[in-house]
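Participant: Would you mind keeping the following structure in view while I ask a few things?
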Amino acid sequence: MAKNKIVPENIKKPYQLLAVWFVALLVIFGGLASGAKLITEPAWLQGAFGVAAILSVPYFLFLIYKMQTRYRTQMMDDEKYSEYLIYKNQVAQAEPSKHLRSSHVGKASAVGMKSDSLEQIAEEEVLPLDYYFLNHTSFLRLDKQEEFQQRTQVPLSHYDIQIIVDSYYKDALKRIKKVEYLLDFSFPEPIRTRSNYKNNFLLKELANGEFVLKAKIFLKGREEPILIQRYLTLWESGPRLS
């Protein structure tokens, strides 16, 4: 019996836990059904065992359904569940920070704190994960292809690409000091800097292939930049951003 003992520490996969539940269902149902068959007196006890055996099946199936729906995250593999907890913790840290930020600003205005004190608060602030994002478009100007190819000496189609930094949050762009775009290493000047928030730090360039664009966003009052990226898909007739 010791060799066949179920060790809880060894149950690490969701299907293992489900298997244990189904084994438990078979054992309980088998025990109740056997009791209903073997016990003859008193008569009510035989009926009670039979009813319990029948009800145990839908009851267990209901519990398994709850495990697969309401507690689905807890049923993930250990590695996936750890990633979920990390993501959940990041979101939990990001959301309260906005309320803390507004409360600090209110106190600063009341007692007449200087602007550099507010910048120190911004340095410690945890921004939401979607605070900034990149957007882009591309289009192909057929009448300019010969000119572009002569300029770059690359016999490929040259697409106009336009990239901007954007945000759903009010005045978020005004907090940016500058943006450093990191293009593919094949560009003659792979690092480009933009500092005009009024046009969303617009970058215009030519590209003859798709690549991952990275951007460093430097905020006022912060030393460490925010890193974001976007895969630049090339379309022949994308909308103009300016």
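Participant: Using amide H atoms built 1.01 Å from N in the peptide plane, name the residues 5+ places from residue 228, or on other chains, whose amide H lies under 5 Å from its own.
Facilitator: 215, 217
Participant: Could I ask something else about it? Measuring from label point to label point, each 7 Å out along Cα→Cβ, what is the residue 151 to residue 18 span in nm?
Facilitator: The modelled label-to-label distance comes out at 5.8 nm.
Participant: List every residue whose amide H lies under 5 Å from the amide H of residue 238, counting only residues 5 or more places away in sequence or on a different chain, with H placed 1.01 Å from N in the peptide plane.
Facilitator: 138, 139, 140
Participant: Here is a further query. Calculate one ³J(HN,Hα) per residue across segment 60-66 by plugging θ = phi - 60° into the Karplus curve 6.51 cos²θ - 1.76 cosθ + 1.60, and present them in order as whole Hz with x for glycine and proline.
Facilitator: 5, 5, 5, 5, 5, 4, 5
Participant: DSSP loop (so not H, G, I, E, B), at most 14 other Cβ within 10 Å: list which chymotrypsin sites (Phe, Trp or Tyr not before Pro) in segment 191-242 pass both filters. Mind dumping the intermediate values first?
Facilitator: Working: sites: 197, 201, 211, 218, 231, 235; in loops: 201, 235.
Sparse-neighbourhood loop chymotrypsin sites (Phe, Trp or Tyr not before Pro): 235.
Participant: Okay, next question. I need the fraction of alpha carbon pairs in segment 140-211 separated by more than 17 Å, rounded to a whole percent. Walk me through the numbers before you get to the answer.
Facilitator: Details: 1323 of 2556 pairs.
Looking at segment 140-211, the distances longer than 17 Å represent 52 percent of pairs.
Participant: A further question on this structure: At a Förster radius of 45 Å, what calculated FRET efficiency corresponds to the Cβ-Cβ distance of residue 235 and residue 126, to the nearest 0.05? Don't jump to the answer; show the numbers that get you there.
Facilitator: Numbers: r = 35 Å, r/R0 = 0.79.
That gives a FRET efficiency of 0.80.
Participant: What are the ³J(HN,Hα) values, in whole Hz, obtained from phi via the Karplus relation 6.51 cos²θ - 1.76 cosθ + 1.60 with θ = phi - 60°, for each residue of segment 201-211 in sequence order, with x given for Gly and Pro?
Facilitator: With the stated coefficients, segment 201-211 comes to 6, 4, 10, 10, 7, 10, 9, 10, x, 7, 7 Hz.
Participant: Which one of 226, 159, 186 has its Cα pushed farthest toward the positive end of the charge dipole of segment 133-232, where Lys and Arg give +1 and Asp and Glu give -1 at the Cβ?
Facilitator: My answer, from the dipole projection, is 226.
Participant: Just give me a number: lysine pairs in segment 133-232, eight or more positions apart or cross-chain, with C-alpha atoms less than 20 Å apart.
Facilitator: 21
Read-outs throughout are calculated quantities, based only on the coordinates presented, and are distinct from any laboratory measurement. Bear in mind the structure is a predicted one, so any value in this text is a computation, not a measurement. Backbone-built Cβ (ideal geometry, glycine too); neighbour counts: all protein chains shown.
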